[in-house]
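The values are calculated or read from the model by the stated rules, or taken from the named source; none is laboratory data. Because the structure is predicted, anything quoted here is derived from the model rather than measured. Ideal geometry is used to build each Cβ from the backbone, glycine not excepted, and the neighbour counts take in all protein chains shown.
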There are 2 protein chains.
Amino acid sequence: MSPAHDHRRRRLGGWGFEGEAFPPSPQLLAWLEDRIGPARHPVSSGPIAAPGLEGRALPETGLEPSADPLDRLAHARGQGLVDVLRLRTGRVTALPDAVLRPTAADDVAAVLGACASAGVRVIPWGGGTSVTGGVNVVAGDGPVVSLDLERMAGVLDLDEVSGLATVGPGTAGPRLEAELATRGFTLGHFPQSWELATVGGWVATRSSGQESLGYGRIEDMVAGLELVAPRDRLWLPAQPASAAGPDLRQLVMGSEGRLGVITEVTLRVRRRPDELGVDAALLPDLDRGLEAARQLTLSGLPLSVLRLSDTAETQVAMAVGLASSRFAGLARRWLRLRGIGPDACLLLMGSAGHPDDVAQALAAARSIVRSHGAVTLGRGPGEHWKRDRFRHPYLRESLLDLGYATDTFETATTWRRAAEVRRRIVTAISSALEAIDERVAVLCHVSHPYRDGTSLYFTFFLRCADDPDATVERWARVKRTANHALVECGATLSHHHGIGQWHAPGYPLEVGAVGRDLVAAAAHRMDPDGILNPHVLLDPTDRLEA
Amino acid sequence: MSPAHDHRRRRLGGWGFEGEAFPPSPQLLAWLEDRIGPARHPVSSGPIAAPGLEGRALPETGLEPSADPLDRLAHARGQGLVDVLRLRTGRVTALPDAVLRPTAADDVAAVLGACASAGVRVIPWGGGTSVTGGVNVVAGDGPVVSLDLERMAGVLDLDEVSGLATVGPGTAGPRLEAELATRGFTLGHFPQSWELATVGGWVATRSSGQESLGYGRIEDMVAGLELVAPRDRLWLPAQPASAAGPDLRQLVMGSEGRLGVITEVTLRVRRRPDELGVDAALLPDLDRGLEAARQLTLSGLPLSVLRLSDTAETQVAMAVGLASSRFAGLARRWLRLRGIGPDACLLLMGSAGHPDDVAQALAAARSIVRSHGAVTLGRGPGEHWKRDRFRHPYLRESLLDLGYATDTFETATTWRRAAEVRRRIVTAISSALEAIDERVAVLCHVSHPYRDGTSLYFTFFLRCADDPDATVERWARVKRTANHALVECGATLSHHHGIGQWHAPGYPLEVGAVGRDLVAAAAHRMDPDGILNPHVLLDPTDRLEA
């Protein structure tokens, strides 16, 4: 079965495809029990039913609307923790009134025109993988349509000389890579959501993939695009660079559906590498790990992956495997002799290309990290990571089955401030539930380094409450604490998940009221009736518990 | 004398500093005479006098205004051909009513507030090197102030760990590099205007330097900035990357003063390289040259310079030197034997770094270009280029003295279309003056390659008319022809000179009326009274002859 024609069924009420799972290791469970206590309240995952919400009247758009309750439910929310909790426990209180599936930009224009005239809201839908409330229908709104772009998918044109692929917005990662592979090309954009998320969603949210060190962020890959809004189309053709005014592509990227629907994207693609080789190393502590990561980034070596886990994440992800081995004691003593103790941090560094070039790049990388006290571990851990890189999101489902809730958020800051920002964020969210006598466990890693700074990716765990709404409330407390701490630190509210509904209250704190107004002015020009995904980005209402 | 404290005097009515010159070679003059005929009407360069325009009343701004007529004249226009023609011939008909020199962002805010209330227009002034009418005062406007940022200059902060330098907008290239050099850093941004142009101007116009292949464009270097507008300030702190909404830095970059005055910029800087080594090669023809340039760009080699001249430019710049040698015939036969004939194209390829790394990179680059039929020429031509790289603009002054007018413009397009776009542009402008029985000579080179395409830089020459206004009219005809041809080709109106006043009529054709409206909406939010540089970018009036 070609990945371009994946016939697995999307799971309703959880991540990914039916039949797939990524159960936690006994070591992770032991660690969780140690850190936040035993789980007491499993969250059932029985059959999902749609609430009996009647679809409201919609204008004629020229497309056949889908009013099927389960289809509507599948388009009601994204993939944030609260979304899954509400789906699992039958607490979804708002559905789109219909799902529309355009096949061309003209369809999109017709839908937006008709909906604008009728005051019907439209939420563009790609893979539905937002973890920031980016596609959620809000209860109490007027009629809402989910505009699912799955039929506007595939590679429409490939200019092999310029390395430019024009693709439909609904193209998900596997189909994109499979179609490019037939001509020997790759985009190289591999976010964790790659199996489900789409090109249009990546562009709308400023996505970044796991190999961003080599291939760049989605912003670096977009050469041109078309945006369809209720009154107009904005067509920005592929150009390698331009000084003709502000770069309006950069205004569309990150607009999260507020300015229009992305109907076509021209992407910079590259020749497919022969392999991705990933080496592992242990650094003595996080400070030395960060310095090694910075030096690797500055080195100019052709690396595409760099991932540094903090001590806690290292213990969970890596030393756990070691601890279970019958050679654990021996290995620990061997590492100790080499300066690697309990504060060790795991570093993965990968290079994509011809095997000889990969070997050469990784040899040079090993030499750099050794000068920072690293012990290198070969390719074993990297092979594990490659195998599981798109499966980790399934872990959340298994943990919910047991009664643990987990979620992630991320930021970016300069190298000079990275250690301090991490410490402040970890400290803040670890104690976010102190008032209710619950603990929060936190892991952190670096996975998108730049010359001037790095992303920081946080994974947190808490125990589910008896009542799902109380679990949501716990989660919302942690999120509020995290968002507040990020703003206090001067670190961005998101490195690659976007603003959505859930980070929108903090958005004016990050870019100023003036910055928010600039985006609002653009939205008003494109969508004067305010029908397009109206609660993301610019609506400051706190909807964490919605 | 440190370049940070350059006490040479700016020339009024021409490029650069007094006492500097770059006279044309006899070979260039012979080529011009052959192509467009002998020059008949030298343009005098006598003493420059300010027209007796009384400064109009201005509001109190807290700053001491300079009303000196020569200071006002020096701030009346940029460095386009028509600007110089008008200055030389005493035909400048509009001056700013005063020059103001703020020393801090608060000064700028006070000036803008007072001017907005009084309806006084403000033109931000950096190095005044615009070649697109980007800083020109328009006759018939109400009172106008030139806001010269020269006192807001220098490196304010350097974060060596993150490689981030915060600098004043009025910092010119030599001062910036000298101050960074004391700490071992470089920005690596070297446009031809580097000796005069400033950081604020680079950012406002999306500038690109001669080493953009290695260091990137100014957009890639800006991590954060502050913009002061009449009502508000927009502060976007340094971040390595963010998914928190659209990138508003990218809206400021290219706004050419319409959105506000850039008062501070945080730039990504790097460790200074030990040397810049530049190798030369001759390719058999332009098609093979373009393919070699594309392959060099895709190779991932650490190159910072790549410059490919078309056959005409090669003849003028390079074979000319060869032709004058007494070994010319021998050399020509030697090259013929190696496949290099009359269509030869000169390629320069440079690498910056440690001498060993430079040698290695250039050896690999030579190997690539040889596979495309190149004959390599060693480092001689590159040393010439390095010596003269910032002196070429002086050539225009010497040619005007003789009666030849020259100007440049540039674009970018995809690799697939590069040869065709060059051919169409050269064809169009070569015959732009056919109606008046004058010829136009054109040279073209590639100097900013990208993975998906390249810049194309055109230099054109025409003969001056008896009457300076008729010369301006000839030049304007060529510019209109070029702008029209660029739009027809779907190539951008500018790769790095910007839109200014002179490309503004074509701007809505490039980004659509919608794109123009988006920028206008942003300008209206920041500057509701429309006082900021009001005739660039968004004013579609044809002012080529103004």
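One line per residue, one yes/no per condition, for (1) without any contact (Cβ under 8 Å) to a residue 60 or more places away in the chain; (2) in contact with a Leu (Cβ under 7 Å, 6 or more places away or on another chain):
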site: A:Arg258; (1), (2): no, yes
site: A:Glu264; (1), (2): no, yes
site: A:Glu275; (1), (2): no, no
site: A:Asp287; (1), (2): no, no
site: A:Gly300; (1), (2): yes, no
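Pull up the stretch B:264-293, narrow it to residues that are away from chain A (no Cβ under 14 Å) and under 29 Å from B:Glu150 (Cβ atoms), then point me to the one that is surrounded by the fewest Cβ atoms within 10 Å (Cβ to Cβ).
Of everything passing the filter in the stretch B:264-293, B:Leu276 is surrounded by the fewest Cβ atoms within 10 Å (Cβ to Cβ).
Please tell me if B:Ala361 is in a helix (DSSP H, G or I), closer than 28 Å to B:Leu276 by Cα and at pLDDT 95 or above.
yes
Yes or no: the stretch A:533-543 includes at least one residue that is within 12 Å of chain B (Cβ to nearest Cβ), out of contact with any helix residue (DSSP H, G or I) (no Cβ under 7 Å at 6 or more places or on another chain) and either within 24 Å of A:Leu234 (Cα to Cα) or hydroxyl-bearing (Ser, Thr, Tyr) (or both).
Checked the stretch A:533-543: no residue is within 12 Å of chain B (Cβ to nearest Cβ), out of contact with any helix residue (DSSP H, G or I) (no Cβ under 7 Å at 6 or more places or on another chain) and either within 24 Å of A:Leu234 (Cα to Cα) or hydroxyl-bearing (Ser, Thr, Tyr) (or both).
Here's the yes/no breakdown for (1) in contact with a Cys (Cβ under 6 Å, 6 or more places away or on another chain); (2) at positive phi; (3) more than 14 Å from chain B (Cβ to nearest Cβ); (4) in a loop (DSSP other than H, G, I, E, B):
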{"site": "A:Met152", "(1), (2), (3), (4)": "no, no, yes, yes"}
{"site": "A:Leu158", "(1), (2), (3), (4)": "no, no, no, no"}
{"site": "A:Ser162", "(1), (2), (3), (4)": "no, no, no, yes"}
{"site": "A:Arg183", "(1), (2), (3), (4)": "no, no, yes, yes"}
{"site": "A:Gly188", "(1), (2), (3), (4)": "no, yes, no, yes"}
{"site": "A:Trp194", "(1), (2), (3), (4)": "no, no, yes, yes"}
{"site": "A:Val203", "(1), (2), (3), (4)": "no, no, no, no"}
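Out of the residues in the stretch A:78-94 meeting the condition of being part of a loop (DSSP other than H, G, I, E, B) and within 23 Å of the chain's Cα centre (by Cα), tell me which one is farthest from A:Ala49 (Cα to Cα). Don't jump to the end; show me each part of the working.
Here is the first cut: in the stretch A:78-94, the residues part of a loop (DSSP other than H, G, I, E, B) are A:78-80, A:89-94.
From the residues that got through so far, the ones that are within 23 Å of the chain's Cα centre (by Cα) too are A:78-80, A:92.
Values: A:Gly78: 17, A:Gln79: 17, A:Gly80: 19, A:Val92: 10 Å.
Filtering the stretch A:78-94 for residues that are part of a loop (DSSP other than H, G, I, E, B) and within 23 Å of the chain's Cα centre (by Cα), the one farthest from A:Ala49 (Cα to Cα) comes out as A:Gly80.
If A:Ser431 satisfies all but one of (1) buried (at least 18 other Cβ atoms within 10 Å of the Cβ); (2) touching a Lys or Arg at 6+ places or on another chain (Cβ under 9 Å), what's the number of the condition it fails?
Of (1) buried (at least 18 other Cβ atoms within 10 Å of the Cβ); (2) touching a Lys or Arg at 6+ places or on another chain (Cβ under 9 Å), only one is false for A:Ser431: (1).
Suppose the filter is part of a strand (DSSP E or B) and under 18 Å from A:Leu306 (Cα atoms); does A:Leu348 pass it?
Criteria met by A:Leu348.
Is it the case that some residue within the stretch B:428-447 is within 14 Å of chain A (Cβ to nearest Cβ) and touching a Phe, Trp or Tyr at 6+ places or on another chain (Cβ under 8 Å)?
So the first thing to find is which residues in the stretch B:428-447 are within 14 Å of chain A (Cβ to nearest Cβ), and the list is B:446-447.
The next check asks that each one be touching a Phe, Trp or Tyr at 6+ places or on another chain (Cβ under 8 Å); those that pass are B:446-447.
Yes: one or more hits.
Please work out which residue is surrounded by the fewest Cβ atoms within 10 Å (Cβ to Cβ), limiting yourself to the stretch A:375-396 and to residues that are within 30 Å of A:Ser44 (Cα to Cα), among the charged types (D, E, K, R) and in contact with a Gly (Cβ under 9 Å, 6 or more places away or on another chain).
Restricting to residues being within 30 Å of A:Ser44 (Cα to Cα), among the charged types (D, E, K, R) and in contact with a Gly (Cβ under 9 Å, 6 or more places away or on another chain), the top hit is A:Arg391.
Pick out the one residue from B:His445, B:His372 that is in contact (Cβ under 8 Å) with a residue 60 or more places away in the chain, surrounded by fewer than 22 Cβ atoms within 10 Å (Cβ to Cβ) and either in a strand (DSSP E or B) or on the phi < 0 side of the Ramachandran plot (or both).
B:His372
Of everything in the stretch A:303-315, what is part of a loop (DSSP other than H, G, I, E, B) and either more than 24 Å from the chain's Cα centre (by Cα) or under 21 Å from A:Ala441 (Cα atoms) (or both)? Give them in sequence order.
Passing the criteria: only A:Asp310.
From A:Asp274, A:Asp287, A:Asp279, A:Asp232, grab the single residue that is under 25 Å from the mean Cα position of the chain (by Cα) and among the acidic types (Asp, Glu).
So the residue among A:Asp274, A:Asp287, A:Asp279, A:Asp232 that is under 25 Å from the mean Cα position of the chain (by Cα) and among the acidic types (Asp, Glu) is A:Asp279.
Among what's in the stretch A:207-257 and is farther than 27 Å from B:Ala418 by Cβ and more than 9 Å from every other protein chain (Cβ to nearest Cβ), pick the residue that is surrounded by the fewest Cβ atoms within 10 Å (Cβ to Cβ).
For the stretch A:207-257, the residue satisfying everything is A:Pro230.
Across the stretch B:411-427, what is the total count of residues that are crowded, with 24+ Cβ neighbours inside 10 Å and within 11 Å of another protein chain (Cβ to nearest Cβ)?
The number of residues fulfilling the criteria is 6.
Can you tell me which residue among A:Pro69, A:Pro42 is in contact (Cβ under 8 Å) with a residue 24 or more places away in the chain, within 30 Å of A:Gly140 (Cα to Cα) and surrounded by 13 or more Cβ atoms within 10 Å (Cβ to Cβ)?
Selected residue: A:Pro69, the only one of A:Pro69, A:Pro42 that is in contact (Cβ under 8 Å) with a residue 24 or more places away in the chain, within 30 Å of A:Gly140 (Cα to Cα) and surrounded by 13 or more Cβ atoms within 10 Å (Cβ to Cβ).
Against the conditions (1) in contact with an Asp or Glu (Cβ under 8 Å, 6 or more places away or on another chain); (2) assigned to a loop (DSSP other than H, G, I, E, B); (3) under 26 Å from A:Thr205 (Cα atoms), where does A:Gly62 fall short? Just the number, please.
(3)
One line per residue, one yes/no per condition, for (1) surrounded by fewer than 20 Cβ atoms within 10 Å (Cβ to Cβ); (2) assigned to a helix (DSSP H, G or I); (3) at the interface with another protein chain (Cβ under 10 Å from one of its Cβ atoms):
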site: A:Ala470; (1), (2), (3): yes, yes, no
site: A:Gln501; (1), (2), (3): no, no, no
site: A:Ala513; (1), (2), (3): yes, yes, yes
site: A:His524; (1), (2), (3): yes, yes, yes
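Just to be sure, is A:Arg451 within 13 Å of chain B (Cβ to nearest Cβ), touching a Gly at 6+ places or on another chain (Cβ under 8 Å), assigned to a loop (DSSP other than H, G, I, E, B) and not hydrophobic (A, V, I, L, M, F, W, C)?
Numbers: within 13 Å of chain B (Cβ to nearest Cβ): yes; touching a Gly at 6+ places or on another chain (Cβ under 8 Å): yes; assigned to a loop (DSSP other than H, G, I, E, B): yes; not hydrophobic (A, V, I, L, M, F, W, C): yes.
Against the criterion (within 13 Å of chain B (Cβ to nearest Cβ), touching a Gly at 6+ places or on another chain (Cβ under 8 Å), assigned to a loop (DSSP other than H, G, I, E, B) and not hydrophobic (A, V, I, L, M, F, W, C)), A:Arg451 qualifies.
Answer with yes or no whether A:Asp71 is farther than 23 Å from A:Leu399 by Cβ and at pLDDT below 95.
When the stated conditions are applied, A:Asp71 does not pass them.
Considering only the stretch B:129-147, how many residues are buried (at least 24 other Cβ atoms within 10 Å of the Cβ) and either farther than 25 Å from B:Leu493 by Cβ or of a type outside the set (A, V, I, L, M) (or both)?
Qualifying residue count for the region: 10.
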